[in-house]
Structures are given as C-alpha cells and as structure tokens.
Amino acid sequence: MSTKQTLNGLNPDNSLLFLSKNRDFHILPTFPKRNWTLPTTLFAGSRNTSKSLVLSLCLVLASIGLIPVEAIAQFTALTNEARVNTTVAGDQWGYWWSIRTIAVQPDGGYIIVWIDNNGLDGNAQGIFGQRFDATGAKVGPEFQVNTTTSGNQFSPTIGAAPDGSFVVGWEGPGNGTDVFGQRFDKNGVKVGTEFLLSTTVGGNQRYPEIQFYPDGTYVAAFVDGSQTVLQRFNTDDRSMGVETRISSGTGANVVMDALVIMPDNRVLQCWTSGNEVYGQLFDTNLQPIGTQTRLNNYTTGTQQYVVARADGSGNIWAVWESDGQDGSGNGAYCRRFDSNLNPIGNEFTVSTSTAGDQYG
C-alpha cells in the first residue's frame, strides 16, 4: 500500500479512501469498532468520478455503519448548501419514503426530483426536477415531470441508466391510484410520453422505486394493497414478462422502502408492513428466492423505513428506525446479512447519541 495517499486530509493510516497510482479511488472497510470480515475493496471508481460522488458514497456507507462518521467529518465541503428548487412559492419537498429522489449519472452529474405542493403544474401537487453537473452547478431550469396534471402527483423516485438517461416514477390518480413513469435523455429532454409502471390497474398502486441494471434495462417496485410488486422494463420502457407479486409481512400498512440490484443481478426488495421491516430476494427472472425475511430482531414498538445496500461481495446492510429500542424515542439501527439474506448477528445502534429521536 505504498501508493496510498490522502484525499481531503484523511489520515493515510486510518483512511477509508485512497488514490492508487492510476488515480483510481477505493473505499476501504477500515472500522476497528466492529470485528467484521469484509472484502478488501467495497467500491472502486474511475479517475473521472467526481469527489461529490465519492462523498455521497461515503455518506451512504457511514449511514449503514460501514465506516466511521468521524472520517466523513474530515472532508472539506465542495460547495455551500444550495436551494434545489427555483420556484419558492408554497411548499416544495422530497418524499421521505423514497431514498431514490437523487440519481447520479455516469459523468458525476445528478438529478433531484421533488413534489411541488402549490399548483405549479397548473393543478394541485406536481413532480419537478433539477439537473446538476458534477460540481453541483445547476444545468438548465427546473422542469416538470408529469404531463397529466389532474389531482395530486405524489411519491417521486428516479433511476439513472448507464447511458445517462433517467426515468422518473411517481404515483397519481388513475383507476384509483396508479404508478407512472417518464423517461428523459441524458440532457433532460423528455423521451416519449408518460407510461404506466403497473400492468394491473384499479385499486391503489403506490410507493414506486426504480433501479437500473448494467445493461440499461430496469426494474420498478411498488405496492398494490397488501402485496409488493416487481416489473422489469426494457430500454424502450416496455414491460418484460409479467408482474411478480408477493403478499407482504402482516399485510398491514405496506410501504415500499428500498430496491437493490445485487452484484449478480438478483434483486432485493425491502418494505415496512405493520410495525416490522422485511426483505425478499428474487432471482434474475424476478422469481422469489425462499421466503421473505423479517429484518429486525427487536419487535417491541415500531420498526419502519428501511434503507438497504449491498457491497461488492453481495453482503447486505440494512438500516431502519426503531421506536424505543435505544431507550429514548426513535433510534437508527443497522443489521448485516449475507448474500442470501441470512442475518449475521443482531441489529446495533448506528448513532452514539440516543437522546431524543434519530431517524433512518
């Protein structure tokens, strides 16, 4: 490791990020507080990857306990915080159940989507977005995602394809509540018209999530009543095969929380049902592997809003909020699973401070 260097002042002896001779970067699983066996490199990126993306990745890893938060504190902020939305009348807000309201493009640029609550789309709630370059500078004006404006458009999510194009998903009025998608090219220009993510209509389809495969196809996940649903789409936004549906947990108050494409292209779906958080693995044909797994071991009170990630070896890390487990309000908890969703130990608190509420 003689080539290890510092970046933004990290200590070389304890650093999690280093630059090798070819100026690729690697995030190392150095976390002495946990006696875990982890792969040598959790993430590797090219020399063209922006520091803002590196920092984002580090924040994700810190949020699930893979790296110490203290290490992140040593980074120098690339920019000051900045308002995302240009229109300020009324309320603009990101939907808290979707962790994918930001999508990063291959060149380090990114797109953020949100809900406008003041009728900017000409009616009630609408979905809007803003593109940024790799330095955090805005690219073009904010843009309206939804074409249909009647009623409330809600619960936005976004996924970026390997070619830089992106698909925004949301829920809106249809035959009950339906989930929709709209593709944009890498420059933010609409491609085609908005389309249904759900094959089945009627009732209420809600809480969409979108995740791309390396080949440019993608999978959409959402909730339909007490079931979770997966549907794969090709690069032209046409559905591939039929929907995969499973009954979810207790069947009560089901909320789609996370969608992960594993390194081997299996799919992990996580959701909240009742007062517990669950996960289910699917094979490359989106067929369930085994049975759904309750992620939380502690079952008193409410466990909800799970975020999940997989490392390069397929080990799964899930973090959620738990009511009362740390002795004071809500706490953020993390649990590690192997690549087959078998738990490795019990959950543990992510934060050192437990007074008041810590949210996932």
Please specify each residue of region 172-205 satisfying the condition of being closer than 17 Å to Val219 by Cβ, of a type outside the set (S, T, N, Q) and either in a loop (DSSP other than H, G, I, E, B) or touching a residue at least 24 places away in the same chain (Cβ under 8 Å) (or both). Val179, Phe180, Gly181, Arg183, Phe195, Leu197
If we scan region 190-203, do we find a residue that is charged (D, E, K, R) and either within 21 Å of the chain's Cα centre (by Cα) or within 18 Å of Leu259 (Cα to Cα) (or both)? no
Take the conditions assigned to a strand (DSSP E or B) and over 19 Å from Thr101 (Cα atoms) and apply them to Val242. Does it pass? yes
Test Thr217 against the criterion of being without any contact (Cβ under 8 Å) to a residue 24 or more places away in the chain, under 26 Å from Trp317 (Cβ atoms) and of a type in the set (S, T, N, Q), and give yes or no. yes
Residue check for Thr87: of a type in the set (Ser, Thr, Tyr) and under 29 Å from Pro214 (Cβ atoms): no
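Residue-wise test of (1) under 21 Å from Val219 (Cα atoms); (2) in contact with a helix residue (DSSP H, G or I) (Cβ under 8 Å, 6 or more places away or on another chain); (3) surrounded by fewer than 16 Cβ atoms within 10 Å (Cβ to Cβ).
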position: Gly249; (1), (2), (3): no, no, no
position: Met256; (1), (2), (3): yes, no, no
position: Ile261; (1), (2), (3): yes, no, no
position: Ser273; (1), (2), (3): no, no, no
position: Gln280; (1), (2), (3): yes, no, no
position: Gln287; (1), (2), (3): yes, no, yes
position: Gln303; (1), (2), (3): no, no, no
position: Asp323; (1), (2), (3): no, no, no
Name every residue in region 325-340 that is buried (at least 20 other Cβ atoms within 10 Å of the Cβ) and over 27 Å from Ala355 (Cα atoms), in order of residue number. Phe337
Name the residue, out of Thr200, Thr193, that is over 26 Å from Asn80 (Cβ atoms), modelled with pLDDT of 95 or more and either among the aromatic types (Phe, Trp, Tyr) or out of contact with any helix residue (DSSP H, G or I) (no Cβ under 9 Å at 6 or more places or on another chain) (or both). Thr193
Test set (1) touching a strand residue (DSSP E or B) at 6+ places or on another chain (Cβ under 8 Å); (2) over 20 Å from Ala258 (Cα atoms) - Phe180 fails condition number: (2)
For the subset of region 314-324 comprising residues that are of a type in the set (Gly, Ala, Ser) and within 14 Å of Thr354 (Cβ to Cβ), which member is modelled with the highest pLDDT? Ser322
Scope region 263-313; condition of a type in the set (Asp, Glu) and at pLDDT 90 or above; matching residues: Asp264, Glu276, Asp283
I'm trying to understand the selection: among the residues of region 206-221, which are aromatic (Phe, Trp, Tyr), assigned to a strand (DSSP E or B) and either out of contact with any Phe, Trp or Tyr (no Cβ under 6 Å at 6 or more places or on another chain) or modelled with pLDDT under 95 (or both)? Tyr207
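Test Phe222 against the criterion of being in contact with a strand residue (DSSP E or B) (Cβ under 8 Å, 6 or more places away or on another chain) and surrounded by fewer than 22 Cβ atoms within 10 Å (Cβ to Cβ), and give yes or no.
no
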Which one is surrounded by the fewest Cβ atoms within 10 Å (Cβ to Cβ) among residues in region 120-138 that are hydrophobic (A, V, I, L, M, F, W, C) and either under 21 Å from the mean Cα position of the chain (by Cα) or more than 27 Å from Glu171 (Cβ to Cβ) (or both)? Ala137
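Filter region 233-262 for residues that are more than 22 Å from Ala310 (Cβ to Cβ) and hydroxyl-bearing (Ser, Thr, Tyr); which is modelled with the lowest pLDDT?
Checked region 233-262; the qualifying residue modelled with the lowest pLDDT is Thr250.
The values are calculated or read from the model by the stated rules, or taken from the named source; none is laboratory data. These numbers come from a predicted model, not from an experiment. Ideal geometry is used to build each Cβ from the backbone, glycine not excepted, and the neighbour counts take in all protein chains shown.
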